[in-house]
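Here's the structure, in structure tokens; my notes come after.
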Amino acid sequence: MNLDKLTLKSQELFQKAHTIAVEKGQQAIEPIHFLGALLADGQGIAVSIFNKIGADPGAAAQLVSSALDN
């Protein structure tokens, strides 16, 4: 996959997901890493969507972190 063809925001998302996977000692980037990366951006679209539906993005981020630790 050529990341240079993606938008800057998408490239940042891939980089953050990769960083999360490496920090957790995992060799592959999974969808949960992308969710964690989206939730880590406090001003991003995922946080906005969670807020609009009345969900707590902080609680979701904690659940993602817990799932990655297992």
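Overview of values
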| read-out | value |
| --- | --- |
| Residue that is surrounded by the most Cβ atoms within 10 Å (Cβ to Cβ), among those in segment 49-70 that are more than 12 Å from the chain's Cα centre (by Cα) and closer than 14 Å to Lys24 by Cβ | Ala67 |
| Matching residues, segment 4-48, being farther than 19 Å from Ala67 by Cβ and open to solvent by 70 Å² or more (accessible area, probe 1.4 Å) | Asp4, Lys5, Thr7, Leu8, Lys9, Glu12, Gln15, Gln43, Ile45 |
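The values are calculated or read from the model by the stated rules, or taken from the named source; none is laboratory data. For clarity, every value in this text was computed on a predicted model and none was experimentally measured. All Cβ positions, even for glycine, are placed from backbone atoms using ideal geometry, and neighbour counts span all protein chains on display. SASA here: full protein model, heavy atoms, side chains in, ligands and nucleic acids out. Shrake-Rupley method; radii C 1.70, N 1.55, O 1.52, S 1.80 Å.
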